[in-house]
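Scroll down for the structure; my scribbles are underneath it.
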Amino acid sequence: MPELTSFAEVALLLVMAAGVGLVGTLLRQPLIVSFIAVGLIAGPSVLDVVHADEQIDLLSELGIAVLLFLVGIKLDVKLIRSLGAVSIMTGLGQVVFTALIGYLIGLGLGLDHVTSLYVAVALTFSSTIIIVKLLSDKREIDALHGQIALGFLIVQDLVVVLAMIVLSAIGIGTPGDGEGGGSVLAVLASGAALVLVVVLFVRYAANPLTERLARAPELLVIFSIALAAMFAAIGDAVGLGKEVGGLLAGVALASTPYRETIAARLAPLRDFLLLFFFIALGATLDLSLLGAHVTGAVVFSVFVLIGNPLIVLAIMGAMGYRKRTGFLAGLTVAQISEFSLIFVAMGVTLGHVADDALGLVTMVGLVTIAASTYMITFSHRLYALCEPFLGVFERKGTPREPNEAEAHQSNAYAVIVFGLGRFGTAIGMRLARRGVRVLGIDFNPQAVKRWRDLGLEADFGDATDPEYVAELPFRGTGWLVSTVPFHPTGLSHEDARTTLIQLSRTAGFTGRIAAASHSADETGVLRGAGVDLVLEPFQDAADRAVELLCGAASPERTVIPEIATEGRTTG
C-alpha cells in the first residue's frame, strides 16, 4: 500500500471514525469507546495505516485546550471557593489511599517494590479529559457532583505534575538533575503568576475587550480559541500542563456577558478536535504487550473500578455529603489516565521497570477506560442498583447537603418546578406575581442561587433521585412542572422527565403534571407517560406572538393591518 500523505491519513481517520461511530451508535455504545476503537484499529497493533503522529497530536492537544477552556468559562468563583475543601481533601485522599493500596496489591501479586510503586502511582491518575467530556455530554458538569469531581480532578492533576517534578529530581525522569526543589518552586511561582494575570485581565480588560470583539462574532470566537491555546501553551511550558492553562483561559472570560455565546460556538469545534485525542489514545495502546500479567491486570482493574469510587465515597461521606453525591462523584475516578501509560513508559525507558509492566498498565487502562465510560453514562441506574448497600457511607443529617425538602414539609406549595433555566424561571416569576407559592428545584447550585436572589424559594435536588423526590412536600401541591430538557438516563427512551413522573407518582403525588417538550416525538412520549399538560415553549411563544401581532391580546398595540385582517377572517 503506498504511503499516505498527512492529509489523506487524517481523512482516512475521519471516515473510519464516522463508520465505527455509526456502528457504535446503532449498538447504543458511547462514542468515546468507538473513537478509542478507531485508534486501536488504525494504530500499530492492527492495521498500522496512520503515521501522521505529529498532526494528530497537535489536533488532540488543541482539543484538550478548548475542552478545558469551555469548562473554565462556566466556573463560578464563589462556587470554587465553597467546594475548595472537599476538592482538596478528596483529591489528595484518593491519591494517597489508591497509591498505598495499589502498592500492597502489587507486592501481593509478586511484583518487586519498584514495579509495585510505579504501578500504584499510575493507578492514581484519572483522565480529566474523558470525565469532563462524559459529564458535559450528560449535562452534569454543573451538578454538585460534577463540580466536586472537576475540583478534585484538577487537584489530582496538580499532584501529578508536582510528583513527576519531584521524581525527576531524585533521578526518575531526568537522571542527574539535582534541581528538583528549584523546579517545584518555579512551577508554584509560575502558577501564581498565571493566576495573577487572569485576575488582572478579569478586573481591567475582559469586559471591554470582549464587548469590542463581539461586534464581529467570528473575531470573538478566534480570540477565544487563541486565548485557550496561548494559556495552554504557557501552562505546558511552566510545568502546570495544558489542562490547567486551558482552564485558566476559560476563567478569564467567565465573568463576561458573552460567555454563553462563546461556549455555544466552540462546542462543535471541541467535539471535532477531541475525536483526535481519543484516536491518539487508542493508537498508543500496544496490544502486543497485553499477554503478560493477565491476572494482575484483572485484579488492578477491579480495584480501580470499585476501590477508587469507594475511596471517594468514603471521604465525601465523612465530610458530610450524601451517599448519592459521593457515589456519582466517585464513579469519575474509576479509570486510569493516558498519563498512567506515559509515567510507566518513562520507567521502562530509564530501566526501572520491565516492558511487561507497561503491558500490565496498558491492559488496566484499556479495561477501566472502557468500563468507566459505561459506568458514568449509566450512573443513575447504577446508583439505583447499589443504593441499598451504601447507607454506611452517609452521615446522619448530611451537614454538607442539608435536606431542605424536610424543612418545607409543613408548608404547602401550589406548584413545584423542576428545572430553573430561563423557561422555568419565567414560569416561577409569573406564578409568584399572581400570589402562587412556588418551589423551584434544580441540581445546579448556581441556578438555585439565582432563584433565591430573585426572592423565590428553591432547593438543590435531582429529578432522578428517588430519595429526594420521595421527601418532597407534595401535600397540597396542585401542579408539578418539569422544564428539564430531554436527556436519556439509560439504554431505553426514558429521560429525566419520565423518570420524575414515575418517582413522583410512586411518592404519592396526586396532583397534575406539566412538562416541557421541544418536538412532536417528545410530546407523544410525555403524553404516553401520563403528563396532563405538555408545554411547548416555541409553539406557545409563536401563538402568543401572533395574538400580539393581530391585536387580540393587547388592543392598544400597533396592529399590522394585513395580519389583523387575516386573523379576523380565519377566526
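Derivation of every value follows stated rules applied to the coordinates shown; laboratory data play no part. What you see is a predicted model, and the numbers here were worked out from it, not measured in a lab. Glycine also receives a Cβ, built like all others from the backbone with ideal geometry; neighbour counts cover every protein chain displayed.
Note on Cys386, Cys550: ascending count of other Cβ atoms within 10 Å places them as Cys386, Cys550, the fewest first.
Straightening the chain between Val221 and Val46 buys 59.1 nm, computed as 0.36 nm per residue apart minus the Cα-Cα spacing. Arranged from fewest to most other beta-carbon atoms within 10 Å of their beta carbon, Lys242, Lys138 become Lys138, Lys242. If R₀ is 45 angstrom, what is the calculated FRET efficiency for the pair Glu536 and Arg395, using the beta carbon separation as r and rounding to 0.05? That pair, Glu536 with Arg395, gives E of 0.55.
For Gly320, the residues 5 or more places off, or on other chains, whose built amide H falls under 5 Å of its own are Arg395. Once each part is reduced to its C-alpha centroid, what is the distance from segment 84-106 to segment 451-467 in angstrom? Centre-to-centre distance over Cα atoms comes out at 32 Å. Neighbour counts of C-beta atoms inside 10 Å place Trp451, Trp479 in the sequence Trp479, Trp451, starting with the fewest.
For the pair Val15 and Met89, label points projected 7 Å from Cα toward Cβ lie 5.6 nm apart. Modelled spin-label separation between Asp137 and Arg212, with each label point placed 7 Å from Cα along the Cα-to-Cβ direction: 4.0 nm. Modelled spin-label separation between Asp112 and Val23, with each label point placed 7 Å from Cα along the Cα-to-Cβ direction: 4.2 nm. On the principal axes of its alpha carbon atoms, segment 6-393 extends 64, 53, 52 Å, with the longest extent given first. Taking every alpha-carbon pair in segment 404-535 and binning the separations at 10 Å intervals from zero gives 13, 48, 34, 5, 0 percent.
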